[in-house]
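Structure first, commentary second.
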There are 2 protein chains.
Amino acid sequence: MELVLATHNSHKVQEVQAILGASVPGLTVLGYDGPEPVEDGVTFLENALIKARAAFAHTGKPAMADDSGIAVEVLGGAPGIFSARWAGGRDSVANRRLLLAQLADVPEHHRAASFVCTIALVTAEAELSFTGIWPGSVATEEHGEHGFGYDPIFIPEGLEVTAAELEPQVKNALSHRALALEQLANYLGA
Amino acid sequence: MELVLATHNSHKVQEVQAILGASVPGLTVLGYDGPEPVEDGVTFLENALIKARAAFAHTGKPAMADDSGIAVEVLGGAPGIFSARWAGGRDSVANRRLLLAQLADVPEHHRAASFVCTIALVTAEAELSFTGIWPGSVATEEHGEHGFGYDPIFIPEGLEVTAAELEPQVKNALSHRALALEQLANYLGA
């Protein structure tokens, strides 16, 4: 079975293939290089659906998209859907630097945050969604070389290292994306 | 009566003198150039109290401080207490540019925001607080030359211009700060 993943981010294609492929035999996750719709939704679900619908319309194949981000409690859930362009452009380094600067005076016990991932699946028959949440907190400085996005400044609950200090296979077992993909895999494999 | 305003921002001293002076005869609003405490509160009230307490402790005179900012609905109330340093430094132009960039894809009907101002008053006898809220929305580009901070991108509810397009005396009659100061003036004049 082929499943189009509506993203231009090759990190994500690899990550999703690794997680879904292990649970759904014969599944091939394809990248997508068609037109990108304007993501003008105001929730993870709305934006995931916008992207999955566009990829399904363009390819005619079952398509999934995720929308994910970091939700910081003291920021009322922001960056949220704006995570990827928090500093104004698609620049992870600038995004992390900005978030650290914004929280510079915020003490440790107020730095709670979650990684959130919502996956939308659009096929000829149905539209579905699956959400995973990975609770933790925002570090005060960057640590670790793995992962991408906010991984170097996110300390998962129960750990004393950032998500970027985890080996990829460990992160792939714990992450918000893994939790959402597990639900998708259960659905696809059922 | 002398009242110390715990801010280094001369715009605010002028604005507060103009509003309070009109209601409380003989009131002189003094600036404050003493030590600035770390604002590590996570609400407007906590930060206003931190600043007013520091100014009272340093001067021995009744001291007030405000903490104010813009709360954007789709950002869960952020920038909020982080408004003044939203882009990482105390640079209003950068702050506005960043907020406009973050909301670039957000359509008009999801751009609701409020200006919020909480004033704390600390005297030898009491600690009090007063909050004013000015509802409106975030513009898609800058307009107007008056005011400061987010004024050029904030369209007050019921108007079709930004707060920076209002004459200072009009803004001083409508603003979040005016609403909070009106409550303070009622208290001081009573």
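Just the number, please: buried accessible area between B and A, total of both chains, 1.4 angstrom probe, nearest 100 square angstrom. Mind dumping the intermediate values first?
On the way: alone 9430 and 9460 Å², together 17120 Å².
Approximately 1800 Å², summed over both chains.
At each listed q (0.20, 0.21, 0.23 Å⁻¹), what is the log10 of I(q)/I(0) that the Debye formula gives for the stretch A:18-111 modelled as equal alpha-carbon point scatterers? Each listed q corresponds, in turn, to -1.03, -1.07, -1.16. Taking a ≥ b ≥ c as the square roots of the eigenvalues of the Cα gyration tensor, the stretch B:79-190 is classed as prolate, since a/c reaches at least 1.5 and a/b is larger than b/c.
Along its three principal directions, the equivalent ellipsoid of the protein assembly as shown from the Cα gyration tensor extends over semi-axes of 47, 23, 15 Å, largest first.
A:F148 to A:H110: extension gain in nm, 0.36 nm per residue of separation minus the Cα-Cα distance?
Value of the extension gain: 11.3 nm.
In the context of the full set of protein chains, residues of the stretch A:2-189 present 44 Å² of accessible surface per residue (probe radius 1.4 Å, heavy atoms only).
Using the Cα centre as the reference, give the magnitude of the dipole from point charges on the C-beta atoms of the protein assembly as shown (Lys, Arg: +1; Asp, Glu: -1; all else neutral), rounded to the nearest 20 debye. Charge dipole of the protein assembly as shown: 60 debye, to the nearest 20. Label-to-label distances for A:N186 across copies, nearest first, come out at 5.4 nm, using points 7 Å from Cα in the beta-carbon direction. Each eigenvalue of the Cα gyration tensor of the stretch B:1-64, multiplied by 5 and square-rooted, gives one semi-axis; in descending order these are 21, 13, 10 Å. The mean sequence distance of close C-alpha pairs (under 8 Å, at least 6 residues apart), as a share of the length of the stretch A:91-190, puts its relative contact order at 26 percent. Starting from the label point of B:T28 at 7 Å along Cα→Cβ, the same points in the other copies fall at 8.3 nm, in ascending order. The chain B residue nearest the rotation axis shared with chain A, using its Cβ and rounding the distance to whole Å, is B:G76, 1.
Seen from every direction in turn and averaged, the convex hull around the alpha carbons of the stretch A:2-189 projects onto 10.0 nm². Restriction of the chymotrypsin sites (Phe, Trp or Tyr not before Pro) in the stretch B:147-188 to DSSP coil positions whose beta-carbon has at most 11 other beta-carbons within 10 angstrom yields no sites. Computed with every protein chain present, the accessible area of B:M64 is close to 0 Å² [probe 1.4 Å]. Look at the alpha carbon pairs under 8 Å that are at least 6 residues apart: their mean separation over the length of chain A gives a relative contact order of 19 percent. Please report the net charge: other residues with Cβ closer than 11 Å to the Cβ of B:A178, K and R +1, D and E -1. Its environment carries a net charge of 0. A straight line joining the Cα centroids of the stretch B:60-116 and the stretch A:156-190 runs 33 Å. When a 1.4 Å probe is rolled over the protein heavy atoms, the share of accessible surface on the protein assembly as shown that falls to carbon and sulfur comes to 52 percent. B:S23 sits with roughly 70 Å² accessible to a 1.4 Å probe, with DNA, RNA and ligands left out of the calculation.
Over chain A, dividing the summed -39,500 (n - 2.57) contributions of all DSSP H runs of at least 4 residues by the number of residues returns a 222 nm mean residue ellipticity of -10000 deg cm²/dmol.
Counting Lys and Arg as +1 and Asp and Glu as -1 over every other residue whose Cβ lies under 11 Å from the Cβ of B:K51, the net charge comes to -4. Take B:P135, push a point 7 Å out from Cα through the beta-carbon direction, and compare it with the same point in every other copy: 3.3 nm, smallest first.
The values are calculated or read from the model by the stated rules, or taken from the named source; none is laboratory data. These numbers were taken from a predicted model, which means no experiment stands behind them. A quick note on method: Cβ atoms are made from the backbone with ideal geometry, for glycine too, and the neighbour counts reach across all protein chains shown. Areas reflect the complete protein model, heavy atoms only, side chains present, ligands, DNA and RNA absent. Shrake-Rupley method; radii C 1.70, N 1.55, O 1.52, S 1.80 Å.
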